[in-house]
Structure formats: C-alpha cells, structure tokens
Amino acid sequence: LCKEAPGFSVQKTATIEAPVERVFELLVNPEKLPRIMDHVQEVKKAGEHRYHWTVLGPGGVPLHWDSEVTHIVPNELLAWRSAPDALVQNAGTLRFEPTADGGTRVRFPHHSRLRRPVRGGSAMPATLLIKPWNDPIVDTLGHDPRSRYVETFWLPTLGPTALLLLRH
C-alpha cells in the first residue's frame, strides 16, 4: 500500500544546437545522463528497455527507482514511465523536431509524483532536511521556491521532484 503525495506536471521546450540524430542518441541512452545532469548520479540498465535510477533529491538525499522505456520512434519520440512500485512515480515523452538551422527542438511533457510508504494503515513519518542554496539573485531580490525565477533557472539543476518538495 502507499499514500501518494501530490503530483505535478511540467511542459518544457528546449532548443539544442546539435542535429536531431545526435541529441536522440544521447537521450535514448539514459546511462549517459549523469554526464550532463548534475542531480542524476547513476542510471544502470536493468533489462531490455528497463533502467535503475539514482538521483540526488532534496538535501542531497539519494532517491532510487526503476523505469521502462515504453515507446521509441528513432529521432522522433522517446517515452517512458516508472515501475508501478517506484518511490518516484513519473512518466514522460520527449519529442524531437529538427530546426531550420540544423539544431533540435525537444518538447518535454512530464508528470511526477513522490510516493510515501504506508505502514499499518498510516503514513510513515518522513523528515527531509533541505539546506538553502546560495543564489545572489534570490538573495538580492528575495525570490522564494514558488517563484517563476526558481522554476525557470533552478528546475534543470534541482529537478522537478526537488522543487515540488521545496514548495510544500
């Protein structure tokens, strides 16, 4: 059994100055993601189209879950979802589109939810120590974790699960 925390959805679009084939090749192999995403510590292949993820969550707490790639259209689409019993429930799709200048536009709708284990019918207590980060813009302008600035500039660094937990 589990009691689910509120989920959230993110829809982002990024333009990358590299051909579609090169961008797709990087992202279709999640084992390579720790090289470009600081919060992703490790991704290990766990079977055909299945992967075990270790990412740094809020306060540097490692989070682990399994996922599976559900649909691949080379150089066009990559879809995945987490295993049903994963601590971090998520599903998403990457859509790859060539740009006129030879780059790649990647569209990224994604939904995530952190599951809380249940013991004896009641939620287990969970404590996260979240240390504030130093950002001169946040310090000067007084932005908080719910601001558009934090979502725009810190989401790629902290990851969506960390921002969700900071907001609640």
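Values quoted throughout were computed directly from the atomic coordinates according to the rules given, and no laboratory measurement underlies them. As the structure is a computational prediction, the values presented were derived from the model and not from experiment. Neighbour counts are summed over all protein chains in view; Cβ atoms, including those assigned to glycine, are modelled from backbone coordinates with ideal geometry.
The requirement of being in contact with a His (Cβ under 6 Å, 6 or more places away or on another chain) and closer than 20 Å to residue 107 by Cα is not satisfied by residue 76.
Within the range 81-112, the set of residues being touching a His at 6+ places or on another chain (Cβ under 9 Å) and farther than 16 Å from residue 12 by Cα comprises 86, 87, 88, 89.
Take residue 70 and tell me if it is touching a Phe, Trp or Tyr at 6+ places or on another chain (Cβ under 8 Å) and under 24 Å from residue 105 (Cβ atoms).
On the way: touching a Phe, Trp or Tyr at 6+ places or on another chain (Cβ under 8 Å): yes; under 24 Å from residue 105 (Cβ atoms): yes.
It is true that residue 70 is touching a Phe, Trp or Tyr at 6+ places or on another chain (Cβ under 8 Å) and under 24 Å from residue 105 (Cβ atoms).
Do we have residue 54 as hydroxyl-bearing (Ser, Thr, Tyr), more than 20 Å from residue 106 (Cβ to Cβ) and touching a strand residue (DSSP E or B) at 6+ places or on another chain (Cβ under 9 Å) here? Yes. Filtered by the rule that a residue be in a strand (DSSP E or B) and over 15 Å from the mean Cα position of the chain (by Cα), the range 30-51 gives 44, 45, 46, 47, 50.
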